Every structure is written in C-alpha cells, then in structure tokens.
Amino acid sequence: MSRWNDAPGPRRADRLALVLMAATALAFATFSASRPAEAAPPQDQVLVPVGGSALGGLTTNPALSPLFSVNTHDYVIRCGVGLNVVSLHLIAATGTIQAGGQSGATVDLSVNLGEGQAAVVGSSANQYWIRCLPHDFPVLQIANQHSPPPGWYLTGNITSSTTGPASGLYAMILDNNGTPVWYQAAPGGAINVEQLPGNNIAWIPSVGPGLGSDPNGAFGLYNLDSQTTSSVRAPLPPTDPHELLQLANGNRMLIGSPAPIGQAFVDCVLQEVNPQGGLVWSWKASDHISLTESTRAQPVNYNGRQVQDVYHCNSIDVDQTTGNVLLSVRHTDAVYLINKVSKNVIWKMGGNTTREAGAVYLNIVNPADRFYAQHDARFRPNGDISLYDDHSQQATGNARGVEYAINPGAGTATLNFSYQNGPISNATGSFRRNAVGTDNIVGWGIRGGSGFDEFDATGGTAQGLLMTMRFPNGESEYRVVKVDPSALDVNLLRSTAGLPRPVSPSTLWQPLGGVLTSRPAAASWSPDRLDAFVRGSDQQTWHIWSSNGQWSGWEPLGGSLTSGPGVASWSAGRLDVFVRGSDQQLWHQWFDGNHWSGWEPLGGVLASSPSAASWSGGRLDVVVEGSDQQVWHRWFDGNQWNGWEPLGGQTNADPAVASWSAGRLDIFVRNLDGTLGHRFYEGQWSPWEWFAGSLTSGPSATSAFSGQLDVVGGGVSGVPQRFEYSSGWRNWQSLGGATTQTPAATRRDSLNEDVFVTGTDGQLYHTALSSAPGFGAATRQQAAPSRQAAPSQSDAGRL
C-alpha cells in the first residue's frame, strides 16, 4: 500500500500549480416553482424549457419589450442592481404546456436574473430570449414600427441622461424591433460604432475636446468570437474619433488631429493604415485647405493649450472605382473630393468659395438647400452625395438627411432629397441610405430628441416611416449604421451581450502539500482552529490541521475510501468524519478531543462523497447522492441514527449541507444540467429552488450565524466560485485558480471563511476569505415551504 508521505509533515511544492487567474463569474438565477425538465443551458443563460403545446403568449413583470409575438424571439426587461425577480406568465397556443413542473393552459413561474443575464424560454427548436438589461442601460423609446427591412442597427450613446437616474454609456446592436440584442459598456462613450471584418465591433471613447487630442487614444475592436479587445490607432497621432473606415483592400482609413507645439490650430491628417498598423498613405488638410476656408473655427483646450479647431474633419468615404476620397470638414461647412494619387482637391461643395487652386467649387444655388456643420458625407451609387446636415447655429431650418446631385462641369450641386424631423443638431449625426433609397436612416446626433428615424422611399411621410428610436431621458448618439442581417450571427450576439462580466481579483492560494485523490472536507471548531481531510493515494483518510495559524503534518486515519470525506464539528474538540467505503456504504469515525474512534458502518448505497453538518451539540446531519441520483439524508439526534430520508432532486455530484441555527438545514446540489439546486428545512422541507449556471463540480456549503450562507463550487474551467447569502443572494465571486474536484468551505467565525481545493497538481490548497460587503446584495425570493413525507427507514436501510 502506498504511503501518503514518508517524511513527517506535508510535502511542499515550490510552485503553485493551482493556476491563479480571473474568471467570468458563474451566472446566478433561481426558479421558485418546481424544477423544469433537465436541459443543457448556455453558460450565462437561464433555460426555461417549455413542453407540450407551442407557446402562444408570454407576459412578464417587469414588462417585456417589445410585446410578445410568436415570430419575435428577442426581448428585454429593465432590471435593477443585483438579482431581479422576474415573473413569467406562459400561455399555450392550444391545449396545455409544461414548464417548471407545472402543466396547464397557462403556467406561472418566477425566475431570478442578474443584470445582463437572459432567460431562454421555450423548446430547443423555438426559443425566446429575454435579456435583463443593466440598471443603468439607456431607455430606448421605439415607435412607428411598420416592418422595416431586416438588419442590425449599430449605435451607442455618447452622453448620459439629462433627466432621471444617470445612465451608463453603452455600445449596442439593435434588431429591427429596436431591441438591444447585444451591448457592451463603453466608458467614455460609444463613438462611431462600426462592424469590421472578423466579427469585430469597433468604437472609440471621447479622446479630446470633440476631436482627438489624447496621444494614446485608439479605437477598440471587440471580437465577438474570442471576447477580446484589440486596438487601432493613427500612426500619426493623436487618433481622432470621427471615422474608422474599412477599405476593400483590407486596409483602414482614419483621421489624426495633431496640434504640434508652436502651432495655433488643430490640423487634420487622413491616414490609410494596413492590417499591421503601418502607414500606407496620408493627406494633411493644411496643405490643401486654407485657414481662410474655416467658417466656424472654435477655440479648444488641447492638452492644456488654447488652439483653434479650424477644420474638424468628421467623415471619410472612398470611391471604390477611382480610389478618390470624400472628406467632410465641419468647420468649413464643406465637403471635398480629394484625388488619391495627386492629393489635390478635385472639388469643394458648400462653405465659402475659397479653395485650392484648380479645384472646382460646386455652388448650391438655393440658400435654403445649403448645409451647415455637416457629418457623414457618403458616395451614392448614382454619383450623388448624401450627408447629414446638422444645420448648427442657423436661425432657421432643421437638421436633416440630404442628397445632392453634383455636376462638376457646371459647378453646381442640386438638392434632390431631404428628410427633416425636429430641431437643429449641435453636433454629430448620420444619414445612410440603401442602394435604391428604399431604406433610409437618419441619426439625429446631439440634440433634444436624439435617436434615429428610419423611413422608406416616400421620404418619411406618415405612411413611409418604418421605425423611430428616441432617447427620452436626454442621451445623445454619434452615428447609426445598419448592416445586412447576415452580417452578424444572432446567436453570437446573444451569447456575448454584456461580456466580459466583472470578475473579482484572483485569490491567493496557499499550498499545503499532499497527494490527493479526492475532494477535501473541512471544519472548524473555533476561530483559531481548522481541520481538513482528504483521501490519499493509498485510499485511506488523511488529516491536517491548523492551530493559531500553524499547520501540522499529515496524519493517517485509515479506512478504504471510494470517495472524498465529509466532516462536521458540533463543539470544541469534536470532529465527525464520514466516508464512502469500498462497499459503497456510509462509514463514520469521530474525534472526542483526545482519541479517534474506530470506523462505524451506517448503511446505504452511496454514489457520491458524503457531506455533514451539525446544528447543535449531539446533532449530526449527513446527505449523499443515492444510487437513484436523488439526495438522501440521515441524522443523529444525540441518541441514535435516523433515516434514511429521500429528499428528491437529481444530481450526479457531491451534495452539500449547512446549518445556520438549531432546527435549520440548507442543502445544495449540482443538477444534471450544471445548475445549482437548493432546499431548506425549518420544521418542514421547502420545495427545491434552482440557481442557473455552469457548475463543474458539486457545491460545498457553510454558515456561521443565522441568516448567512456561503456556497462554493467549481465554475467554468473549474475555477472556484463563491455565492454568498446574507439578507439576500449576492453576485457570484470568482476565487481564481482551477480544480477538478468539489471545493470545501468552512467558517471559523462571522467574518472569516476558509476554502480548500484539490489543485491541478494533486496538492491541497487553502485560501482565507472575508465577508466584507460589496458583491451587490439583492433581495432573495423565498419559495413557499411544502410539507414532505416524514423521515422513514427504507428497505434494509439501503439507499
């Protein structure tokens, strides 16, 4: 038989093989009705399977947006901080449906969702996604919906709300119902949200006073496939936020806005950049546009210096045939066509008549047709030019989307399309049209009533409006871009919405040596005492303890284990250890303060490691997984052993039990689908409630005082996660590291929790946690208790 360690004390390792890392926190959510049928939910979603008839109706509280339709599959609700109780009222199309263990023409369920989570309701073939939007997500007001063509709307808010609670800044992708199917927090604002090849979503925060002045400013590219972010910046800095244009040759075009020391104005430098970030081509405005062309120069604070913003270049487009560049320059009220090869200006439209030698001036004859402080100038397939006319600082007129037919030979530009709706815009905005003009979108930029209008070829008449979106609380946007529905994968958008979630710092894990072949178990009988038990490579029980912070060597306790141990302490100096023996029954050994007892058989046919708790002196409760995959319970009342008692549930991992006071038990299991199940005893057993997530191990549970619980389990990639209840369930906290076994948790007192895991190198690792507030406590929904069968002895005492 192999020995644990021939030398006294534990084997120490020079390296920490339990890799420390931050990990995405487990999702958290609960069902308060009977458990739905098993399924395999995605990692961050709560699956609500619906069987029987097709789903014909669905209402929620908080309210669903948009209203339910069987042909609409993405919805949102507005959520608060932490956990949110969401009531679902499911209606069968015909006959009956089954959900949450209920059956009927209607079914009512309650689901607890964390901010950013989604409930996925329905069958695998017909799912409805209900996203719990973050508490600070901007309010979107969707109206005038008349079946806009399918597609995705890329936008975001660049300012917070001006009324009501302050909203956060978010990049977002909406479907053609105006529903945010994807979003991500965008500190500094989501300026110029664009889709780039390779499933990248790009935007840039504010990097200066309306233009780029931060020498480190860059566009962030969020990759939907990997959930990682890269950056693109101007080789000739600083990077300006107004444009990041993907070119057909794989390069990108963007703008730099330098103001070197000694120069009294901010320049504008167009730059073509290859995929490696190298400069391919550049063009400087001051070489071709005279300062006298500036019609609305503004003083700006540029890194502590007062300089003049004379150009303010704000959009680029490239002619796919000639390669020539279309440039919008806000502070000259003009649009320029630039010869890509010679770099000379070919023509200038708008503004004053001053221009580079040889350039044609395109005159807009009718004063009412002229544009001011424009944005988003684009080539049209028919040779026209479209743009967004902010009409800033004009006494009359409105912001609008416009299109001009240009005639360089005649030196004219003629307005042939205009759509306006409301006041002027102070800045930003966009106007995009499809190739044939049947789908048009105006983004209103910075003004009251910011948002967008989408309309058909009739020019936005009452009959022609397809959809409007507004920020009713005063947020503003930069631009709105619509892409083809095939350009983005809806499932990828759903699964990455709001990611990455916030995670806690990695935890410092202390190696304690050993060669473990099981999960550990741990108990504490006083604030300065810890005891841990494991199965060694020789299949016997091994024990290590800490007294006043000093760890002992390893102590063998014998036995022939086929599982990890469980342990409880009912008083100082008392330890009770439970294991599954080679005969699959439960065995018990105890320490009375002076000596270890022999092993005592307690029957049963176990399919897991046992877990134990004590609510008072002389009381022990043990739970296990039985051969039928349900939870079984046996208890010692101070005089004799009672049970076994079946508690239901369905698990394939080690269950957990904890007690926060006399007469109270809390049991946790990993369900077959990786979710977390919970029921409690206070004179009678409650129904099961269910917490969604992706547990990769069984849970461990502990408590130090009434009303407090700690649950620890392996999460995604085996990273230990902590779930705490104290006046409400708190967000899952990542503990870092990795383990393939069920962790062990115990509390020494009300402030300190200790967690033990089996490391990837087979050693025992320990970390000490505190219960400092800060994980976003939220009110917990309690399921109403229901009386279960009284404890009884099953046939021959077997499980």
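Since every read-out is calculated from the coordinates, none of them should be taken as a lab result. Since the structure is predicted, the reported quantities are computational estimates derived from the model, not experimental observations. A quick note on method: Cβ atoms are made from the backbone with ideal geometry, for glycine too, and the neighbour counts reach across all protein chains shown.
List of remarks:
- Taking only Cα atoms of the stretch 30-133, radius of gyration then Dmax in Å: 12.3, 38
- Amide H contacts of Phe137 (H built 1.01 Å from N, under 5 Å, at least 5 apart or other chain): Gly168
- Rounded to the nearest 20, the size of the Cβ-charge dipole of the stretch 259-397 about its Cα centre is 180 debye, with Lys and Arg at +1 and Asp and Glu at -1.
- Residue among Val300, Ile385, Val442 farthest towards the positive dipole end of the chain, charges placed on Cβ: Val300
- Near the amide H of Gln510, within less than 5 Å, lie the amide hydrogens of His766, Thr767, all on another chain or at least 5 residues away, with H placed in the peptide plane.
- Put a dot 7 Å past the Cα of Gln246, heading toward its Cβ, do the same for Phe705, and the two dots end up 5.6 nm apart.
- Pairwise centroid distance, computed over Cα atoms, of the stretch 526-592 with the stretch 413-452, Å: 72
- Positive end of the dipole of the stretch 618-759 (Cβ unit charges, origin at the Cα centre): among Ser661, Ser726, Gln741, the Cα lying farthest that way belongs to Ser726.
- The residues Ser342, Ser661, Ser703, when put in order of fewest to most other Cβ atoms within 10 Å, stand as Ser342, Ser661, Ser703.
- Ranked by how many other beta carbons lie within 10 Å on average, peptides 546-552, 565-571, 193-199, 522-528 from highest: 565-571, 522-528, 193-199, 546-552
- Cβ-placed point charges (K, R +1; D, E -1), dipole of the stretch 141-496 about Cα centre in debye, nearest 20: 360
- Of the two radii for the stretch 510-775, the radius of gyration is 0.92 times the Kirkwood radius, both from the alpha carbons; that is the Rg over Rh value.
- Fraction of antiparallel bridges per DSSP, the chain only, in percent to nearest 5: 95
- Solution diffusion estimate, µm²/s, Stokes-Einstein, the chain, Kirkwood Rh from C-alpha pairs, 37 °C, viscosity 0.692 mPa s: 110
- Going from the residue with the fewest nearby Cβ atoms within 10 Å to the one with the most, Tyr404, Tyr725 rank Tyr725, Tyr404.
- Within the same chain, aspartates and glutamates fewer than 8 places from Lys348 are excluded, and of the rest, those with a Cα less than 12 Å from its Cα are Glu293, Asp333, Glu356.
- In terms of distances greater than 21 angstrom between alpha carbons, the cross-link table entries Lys343/Lys482; Lys284/Lys340; Lys340/Lys482 yield Lys343/Lys482; Lys340/Lys482.
- Among Thr163, Gly358, Leu244 - extreme Cα towards positive end, dipole of the stretch 141-496, charges at beta-carbon: Gly358
- Alpha-carbon centroid distance for the pair the stretch 53-70 / the stretch 649-714, whole angstrom: 32
- In this Cβ point-charge picture (+1 for Lys and Arg, -1 for Asp and Glu), the chain has a dipole of about 520 debye about its Cα centre.
- The stretch 219-298 and the stretch 85-139 have Cα centres separated by 46 Å.
- Cut-off 18 Å, label 7 Å out along Cα→Cβ of Asn352, residues of the stretch 253-273 by amide N: 265-266
- The convex hull of the Cα atoms of the stretch 141-496, projected and averaged over all directions, covers 17.4 nm².
- Calculated mean residue ellipticity at 222 nm for the chain: 0 deg cm²/dmol, from DSSP H runs with n ≥ 4 weighted as -39500 (n - 2.57), summed, divided by the residue count and rounded to 500.
- Alpha-carbon Debye profile of the stretch 124-226, log10 I(q)/I(0) at 0.10, 0.13 Å⁻¹: -0.34, -0.56
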